[in-house]
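The values are calculated or read from the model by the stated rules, or taken from the named source; none is laboratory data. From a predicted model like this one, the values you see are computed outputs, not experimental measurements. For neighbour counting, all protein chains shown are included, and Cβ atoms are generated from backbone atoms with ideal geometry for every residue, glycine included. Remember, those area values only see protein heavy atoms, side chains included, never the ligands or the DNA or RNA. Shrake-Rupley method; radii C 1.70, N 1.55, O 1.52, S 1.80 Å.
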Amino acid sequence: MGRDTRAGSRGRAAAPSVQDAVVRDRRWAADLRAAVFCALTLFCLILVIDTANGTLSAARVGLWAGLSVLLHAVLHPPLVSAGPGWLAVRGVWGTRRVCTDLLTSVRHSDGVTPRLVLRDALGGRVELDPKVLTDNPVLWHRLETGARRARANGLLRCGTPVIDRLAARVDGDAARAVFDASEFD
């Protein structure tokens with residue numbers, strides 16, 4: 001008699017497939033710890049200096065705490081996450097999301113910190129550091145898959161060269177990582 005292997009799975013929810021799973025920036029937690037460390041270090045150093053000078057008061061502690069909170073707000077890294085058909089960036093002031101299947105434009109703005117600006121047909125707009133995508137190939141894959149669909153549907157009219165340059169960079173970094181991991185010198 002054959003055993004029914006499905007009997008044990010009745011009543012259980014099906015596990016989400018890998019394709020449906022939400023992926024996040026894997027370096028975000030380390031970047032967040034670094035931001036907290038910098039803010040706390042500044043706060044402690046200022047308190048030590050104020051105490052050594054004999055000028056420490058409750059008002060000054062509040063001022064220094066406010067300055068440290070402001071530094072943390074500036075350094076707080078945005079959390080980039082992606083699922084099937086969407087990419088979201090959650091920062092200090094809220095979350096912004098775009099539908100990657102409906103992308104209409106992709107721009108790369110250079111400056112002190114390079115930014116990738118994505119816009120979709122629904123009016124969504126996100127900005128993120130391209131390094132997040134090069135450091136997280138799964139995030140990049142989600143964005144590229146959606147951009148390919150948008151391009152095939154005729155929606156992505158502005159930014160195809162940006163996507164191609166980023167793809168070459170991600171592929172080059174991945175190849176370099178494989179080569180570095182191998183024992184060939």
Can you tell me how many residues within segment 92-121 are hydrophobic (A, V, I, L, M, F, W, C), assigned to a strand (DSSP E or B) and out of contact with any strand residue (DSSP E or B) (no Cβ under 7 Å at 6 or more places or on another chain)?
0
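When you go through VAL89, VAL170, VAL162, VAL138 one by one, which is the residue that is at negative phi, touching a His at 6+ places or on another chain (Cβ under 7 Å) and touching a residue at least 24 places away in the same chain (Cβ under 8 Å)?
After applying the criteria, what remains is VAL162.
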If I ask for residues that are more than 18 Å from PRO161 (Cα to Cα), surrounded by fewer than 16 Cβ atoms within 10 Å (Cβ to Cβ) and under 16 Å from the mean Cα position of the chain (by Cα), which ones from segment 92-130 would you list?
VAL92, TRP93, GLY94, THR95, THR113, ARG125
Consider segment 39-56. How many of its residues are within 28 Å of ASP25 (Cα to Cα) and either β-branched (Val, Ile, Thr) or in a loop (DSSP other than H, G, I, E, B) (or both)?
1
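Inspect segment 30-37 for any residue being at pLDDT 95 or above, of a type outside the set (Gly, Ala, Ser) and open to solvent by less than 50 Å² (accessible area, probe 1.4 Å) and give the result as yes or no.
Yes, there is a match, as at least one residue in segment 30-37 is at pLDDT 95 or above, of a type outside the set (Gly, Ala, Ser) and open to solvent by less than 50 Å² (accessible area, probe 1.4 Å).
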Considering each residue of segment 57-91, count those that are surrounded by 13 or more Cβ atoms within 10 Å (Cβ to Cβ), small (Gly, Ala, Ser) and in a loop (DSSP other than H, G, I, E, B), and give that number.
1
Could you say which residue among LEU32, LEU67, LEU128 is of a type in the set (A, V, I, L, M) and in contact with a helix residue (DSSP H, G or I) (Cβ under 8 Å, 6 or more places away or on another chain)?
LEU67
Please specify each residue of segment 151-185 satisfying the condition of being at pLDDT 75 or above, part of a helix (DSSP H, G or I) and open to solvent by 50 Å² or more (accessible area, probe 1.4 Å).
ARG151, ALA152, PRO161, ASP164, ARG165, ALA168, ARG169, ASP171
Given the residues ARG60, ARG96, which is the only one that is without any contact (Cβ under 8 Å) to a residue 40 or more places away in the chain, touching a Gly at 6+ places or on another chain (Cβ under 8 Å) and within 23 Å of ALA35 (Cα to Cα)?
ARG96
